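Peer 1: Supplied in structure tokens, the structure appears directly below.
The values are calculated or read from the model by the stated rules, or taken from the named source; none is laboratory data. Predicted, not measured: the structure shown is a model, and the values here were computed from it. Glycine gets a Cβ as well: all are built from the backbone with ideal geometry, and neighbour counts include every protein chain shown.
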Amino acid sequence: MSQTITKSAHITWRGNLKEGKGVISTESGALTEQPYGFNKRFTGEKGTNPEELIAAAHASCFTMALSKILGEAGHTAEQMDTQAKVVLSEKDGDFSISQIHLKIKAQIDQLSKEEFQSFAEQAKEGCPVSKLFNAPISLECSL
């Protein structure tokens, strides 16, 4: 049985790159006209940006994939805290996501550090968002 799921986001942008401003809304309503723009992306001004949204998508996808793998092995996490850091690099005026670093800390009874690392590596490789990237994805685990 095959299944296709489609989710969407809507962006409205006005202006040029540096002075322009945009808003992003998601189909679910989790984001509704959330402002973003150059200063939010490159100068640290408060607000969201594409890299932050990618980090959120990757951290949540990875954690769900790991939960699935753990369940298949007969384990349930009491808690998992995942952080994704997305690195945006510039070289000769061309920007790219050059690295993503996943860091997870979990509370799981009766699971060795080696088993946890193995399951986390499987989740890193198998989560749909990981498969999307053409960049190295590092992983840091603590149990």
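Peer 1: When you go through (1) of a type outside the set (Lys, Arg); (2) at pLDDT 90 or above; (3) touching a Gly at 6+ places or on another chain (Cβ under 7 Å) one by one for Ile11, which number turns out not to apply?
Peer 2: Against the list (1) of a type outside the set (Lys, Arg); (2) at pLDDT 90 or above; (3) touching a Gly at 6+ places or on another chain (Cβ under 7 Å), Ile11 comes up short only on (2).
Peer 1: Another question, if that's okay. Please work out which residue is farthest from Leu70 (Cα to Cα), limiting yourself to region 97-137 and to residues that are surrounded by 12 or more Cβ atoms within 10 Å (Cβ to Cβ) and among the polar types (S, T, N, Q). Reasoning before the result, please.
Peer 2: Going through region 97-137, the residues surrounded by 12 or more Cβ atoms within 10 Å (Cβ to Cβ) turn out to be 97-106, 108, 111, 115-130, 132-133, 135, 137.
Retained after the next criterion (residues that are among the polar types (S, T, N, Q)): 98-99, 117-118, 122, 130.
Numbers: Ser98: 29, Gln99: 26, Gln117: 11, Ser118: 10, Gln122: 10, Ser130: 18 Å.
In this case the residue turns out to be Ser98.
Peer 1: Taking Ala84 and the conditions (1) buried (at least 16 other Cβ atoms within 10 Å of the Cβ); (2) at pLDDT below 90, which numbered condition does it fall short on, given that it satisfies the others?
Peer 2: Unmet condition: (2).
Peer 1: Only one of these conditions is not met by Phe38: (1) within 30 Å of Gln107 (Cβ to Cβ); (2) hydrophobic (A, V, I, L, M, F, W, C); (3) surrounded by 16 or more Cβ atoms within 10 Å (Cβ to Cβ). Which number is it?
Peer 2: Condition (1) is where Phe38 drops out.
Peer 1: Would you be able to say whether some residue in region 101-123 is of a type outside the set (Ser, Thr, Tyr), closer than 27 Å to Gln3 by Cβ, outside the structural domain of Thr12 (by TED's automatic domain parsing) and in contact (Cβ under 8 Å) with a residue 60 or more places away in the chain?
Peer 2: yes
Peer 1: Given the structure, is Ile54 surrounded by fewer than 20 Cβ atoms within 10 Å (Cβ to Cβ) and either hydrophobic (A, V, I, L, M, F, W, C) or touching a helix residue (DSSP H, G or I) at 6+ places or on another chain (Cβ under 8 Å) (or both)?
Peer 2: Numbers: surrounded by fewer than 20 Cβ atoms within 10 Å (Cβ to Cβ): yes; either hydrophobic (A, V, I, L, M, F, W, C) or touching a helix residue (DSSP H, G or I) at 6+ places or on another chain (Cβ under 8 Å) (or both): yes.
Criteria met by Ile54.
Peer 1: So, Leu70, is that one surrounded by 11 or more Cβ atoms within 10 Å (Cβ to Cβ) and more than 13 Å from the chain's Cα centre (by Cα) or not?
Peer 2: yes
Peer 1: Does Ile24 meet the test of being closer than 26 Å to Ile137 by Cβ and surrounded by 15 or more Cβ atoms within 10 Å (Cβ to Cβ)?
Peer 2: Against the criterion (closer than 26 Å to Ile137 by Cβ and surrounded by 15 or more Cβ atoms within 10 Å (Cβ to Cβ)), Ile24 qualifies.
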